[in-house]
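Below is one structure, written out as structure tokens; the observations come after it.
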Amino acid sequence: MRVLHQPVTLAGLLCVLIALSIGCSRRPSDDSITKDIQTKIAADPDTKDSPVNVAAKDGKVTLSGTAKTPAARQKIEQIAQQETGAAGVDDQITVQPEPAPAPETTSVAQPPAPQEQPAPAPPPPPPPPKPRPIVVPAGTVLTVRTSQALSSKTSQAGQAFLATLAQPISVHGKRALPTGATVSGRVVTAKEKGKVKGEGQLAVELTSISVKGHTYQIQTNVLDSTIKGKGKRTAATTGGGAAGGALIGGLAGGGKGAGIGALVGAGAGLVGGALTGNKQIEIPAESPLSFTLAAPLTLPPPGE
């Protein structure tokens, strides 16, 4: 009986060893388990977006990484557990936190931005100063040339005569009265000299002057010339002028512009007749006569 029992025991052990060897040879390797699980996770629509790592050692599967949702984590663990050859599953997967909802913002009406006030306009520049009028002072000498002859015999008191300004007048360097300006005068006294006795007299003055189409009234001294009955002759200025002015010379027969003597003394001169006989006081045309302004003459500013 002992002989028969020993062969049977050895045969049973041999069968067990062969079965174990066959079972071990059929179990998948760790690498094939890892690759198969990763392939199934990547193919599944619920888990493909979850970054998960798979590792296997001696058939035990370890899962790590992050699942997108709790359902995806559960699905990954299920895939690993159903894998052929997997001896167990260690699930270390975490779930991505859900993003916090954006805080609700309540719109608060913003006050309107203050509008910029336009800068105040600069004040206008002050107007330029008005040009001042030109004032020809009293005492200014006006030298004129008569346009017609005057005589103690033929002229009448109150008779007007014309002349032109012979020399320009300037005030503070500005031309006030130009040469050639028309001047008006008046015979103050005209008295014919008698043959035997009695005196001849001729006195004249200026009354106005015209500049640029405007006429201005003026006041001057009176030029007065007198011839005594015996032939003596005097010349003087009155009406504010200097007295004692005299003219030396005379007319030898008369004639326009002839025999004008030299002016001496402080006053202006008249042309007198010859100092003998019954000659009258004559002022030929174009005779230069000098008058002195007795009052200032105001003219408009230049350019007006």
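Screening L202 with (1) in contact (Cβ under 8 Å) with a residue 60 or more places away in the chain; (2) surrounded by fewer than 20 Cβ atoms within 10 Å (Cβ to Cβ); (3) of a type in the set (A, V, I, L, M, F, W, C) gives one miss only, at (2). Against the conditions (1) in contact with a strand residue (DSSP E or B) (Cβ under 7 Å, 6 or more places away or on another chain); (2) at pLDDT below 90; (3) surrounded by 12 or more Cβ atoms within 10 Å (Cβ to Cβ), K174 satisfies every one except (3). Among residues of region 143-156 that are in contact (Cβ under 8 Å) with a residue 24 or more places away in the chain and under 15 Å from T182 (Cβ atoms), those with a Cβ under 7 angstrom from a residue that is of a type in the set (G, A, S) and outside any loop (DSSP other than H, G, I, E, B), sequence gap 6+ or separate chain, pair up as T143/S290; V144/A163; R145/A163; T146/A163; S147/A163. Checking each residue in region 68-88 for being more than 16 Å from S32 (Cβ to Cβ) and either of a type outside the set (G, A, S) or out of contact with any Gly (no Cβ under 8 Å at 6 or more places or on another chain) (or both) picks out K68, T69, P70, A71, A72, R73, Q74, K75, I76, E77, Q78, Q81.
So how many residues does region 219-242 have that are among the aliphatic types (A, V, I, L, M), at pLDDT 65 or above and either surrounded by fewer than 21 Cβ atoms within 10 Å (Cβ to Cβ) or not assigned by TED's automatic domain parsing to the domain that holds L162 (or both)?
Looking only at region 219-242, we keep the residues that are among the aliphatic types (A, V, I, L, M), and these are 222-223, 227, 235-236, 242.
Checking the rest, the ones that are also at pLDDT 65 or above come to 222-223, 227.
Next, from what is left, pick out any that are either surrounded by fewer than 21 Cβ atoms within 10 Å (Cβ to Cβ) or not assigned by TED's automatic domain parsing to the domain that holds L162 (or both): 222.
So the answer is 1.
Among the residues of region 165-214, those identified as assigned to a loop (DSSP other than H, G, I, E, B) and under 15 Å from S155 (Cβ atoms) are E192, K193.
The values are calculated or read from the model by the stated rules, or taken from the named source; none is laboratory data. Bear in mind the structure is a predicted one, so any value in this text is a computation, not a measurement. So basically every Cβ, Gly included, is an ideal-geometry build from the backbone, and we count neighbours across all protein chains shown.
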